[in-house]
Amino acid sequence: MTKGDFRFPFLDLSQMLAGYNVPGVDFDSIIETQRRNIDAFAAANQSAGEAMKTMGRRQVELFREAMEQWQSMAGDISSQSDPGERTRKQAEFAQKSFETAVTAMKEFADLTASAQREAFETVSKRVHESIDEMRGQFEKPTRK
């Protein structure tokens, strides 16, 4: 099944509605409009899923980097015999950890905003197209 080829194997609405002749209603056009709506929502969900995968991979990378930094700083701190130098190294580590956390939060906020924007634009574009299609359906002569 390809994108835009969504079908219910047990239900073909176009065949079911072919026998009905309702004046002013173009069932084929309505079905096509709804198929496009489903495609738009599927594309928005695909985009959101990709963003979640990206965020998951990035979280793993950040965790690995944090563990490496922690091991390095723990070695640096434990190798210091001067209490003042130990305190300075601990403060340096705390500051660096805080800065890394803030940077990561901003990165995740940007990724989330980008994914939401992309999904919203996809759905918004489809809503506008759907409205135009509905206008066109009212202007078309009906099938006989």
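Where a number appears in this text, it was derived from the coordinates with a stated rule and is not lab data. If you're wondering where the values come from, they're calculated on a predicted model, not measured in any experiment. Note: ideal-geometry Cβ built from the backbone for every residue, glycine included; neighbour counts use all protein chains shown.
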(message) Can you find a residue that is among the polar types (S, T, N, Q) and in contact (Cβ under 8 Å) with a residue 40 or more places away in the chain anywhere in the stretch 92-112?
(response) yes
(message) Please go through the stretch 45-84 and give me each residue that is farther than 24 Å from ALA101 by Cα and either among the charged types (D, E, K, R) or in contact with a strand residue (DSSP E or B) (Cβ under 6 Å, 6 or more places away or on another chain) (or both), ordered by number.
(response) ASP82
(message) Being closer than 21 Å to ARG117 by Cβ and of a type in the set (D, E, K, R) is the filter here; which residues of the stretch 37-74 pass it?
(response) ASP39, GLU50, LYS53, ARG57, ARG58
(request) Would you be able to say whether some residue in the stretch 86-96 is surrounded by 13 or more Cβ atoms within 10 Å (Cβ to Cβ), farther than 30 Å from TYR20 by Cα and among the small types (Gly, Ala, Ser)? (result) no
(message) Can you tell me which residue is surrounded by the most Cβ atoms within 10 Å (Cβ to Cβ) among those in the stretch 19-74 that are of a type in the set (Gly, Ala, Ser) and over 15 Å from the mean Cα position of the chain (by Cα)?
(response) SER29
(request) Determine whether ARG126 is surrounded by 10 or more Cβ atoms within 10 Å (Cβ to Cβ), out of contact with any Leu (no Cβ under 6 Å at 6 or more places or on another chain) and free of Cβ contacts under 8 Å to residues at least 12 places away in the same chain. (result) no
